[in-house]
Amino acid sequence: MKKRSNLLKMVTLAMFVAMGVVISPILRVEGMCPMAHLINITCAVFMGPGYAFLCALLIGIIRMAFMGIPPLALTGAVFGAALSGIFYKLSKGKIIAAVLGEIIGTGIIGAIVSYPVMTYLWGREELTLFFYVPSFIMGTLIGGSIALVLLLHLKATGVLTKIQNSLRDEDRKEKAA
């Protein structure tokens, strides 16, 4: 049973990573990638903070390696993905908390962390500490709004609970045994 549970989680994670790589160019401009935030929040709600962080990390690495995206692909994703899952968990399942975690994690923390990365590693000397904050927040608001509508619809139809239970079911059965 443990193998089946792990396989389901790995396949789900792989699907999120694949979707993230494919849809990330939609509405993308440097410093703003709304579809990445949609993936981050959805993955965080489905699978939790650890998987959301790993998903954002893998998407960022693939985008940097194959699409020539700057390190913003990492700094603009991993903090929001992790905080989205943490806030969702701490709020006991409030979707708006996951969106807020993404906005704070990416829109503020990720944007500020991007400054030294882009300045010292990428050589962009014209930047200021808060240069990326407006575009990162705008991107998280767009992607977060889409994620909110999607997840609220899935919740209203009962599909969200079924997905979450299927990803956690095997673990619960093993702990109970």
task: Output the relative contact order of the range 1-136, whole-number percent, from Cα pairs under 8 angstrom with separation of 6+ residues.
output: 21
message: Can you compute the FRET efficiency between M10 and L141 using 1/(1 + (r/R0)^6), with r the Cβ-Cβ distance and R0 = 35 Å? Round to the nearest 0.05.
response: 0.65
- prompt: Based on the Kirkwood radius over alpha-carbon pairs, what value in µm²/s does the Stokes-Einstein equation return for the translational diffusion coefficient of the range 1-147 at 37 °C and 0.692 mPa s?
  reply: 221
statement: Any trypsin sites (Lys or Arg not before Pro) in the range 1-110 that lie in a DSSP loop and have at most 14 other Cβ atoms within 10 Å would be K92, K94
field: Dipole of the chain, positive direction: furthest Cα of A52, M32, P70, with charges on the beta-carbon
entry: A52
- prompt: Can you pull the percent of the chain's accessible area that's carbon plus sulfur, 1.4 Å probe, other chains left in place?
  reply: 74
Size of charge dipole - the range 1-143 - debye, nearest 20, with Cβ of Lys, Arg +1 and Asp, Glu -1, no other charges: 820
- request: Once you have all Cα-Cα distances for the range 68-177, histogram them in 10 Å bins from zero and send the whole-percent values.
  value: 14, 36, 26, 16, 7, 1
- request: Give the peptides 120-127, 12-19 in descending order of average Cβ contacts within 10 Å, highest first.
  value: 12-19, 120-127
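For the range 1-151, what does the accessible surface come to per residue with a 1.4 Å probe? Please give it in Å².
With the other protein chains kept in place, the range 1-151 gives 47 Å² per residue.
The values are calculated or read from the model by the stated rules, or taken from the named source; none is laboratory data. Bear in mind the structure is a predicted one, so any value in this text is a computation, not a measurement. No Cβ is skipped: glycine too gets one built from the backbone with ideal geometry, and neighbour counts run over all protein chains shown. Note: areas computed on protein heavy atoms with side chains; ligands, DNA, RNA excluded. Shrake-Rupley method; radii C 1.70, N 1.55, O 1.52, S 1.80 Å.
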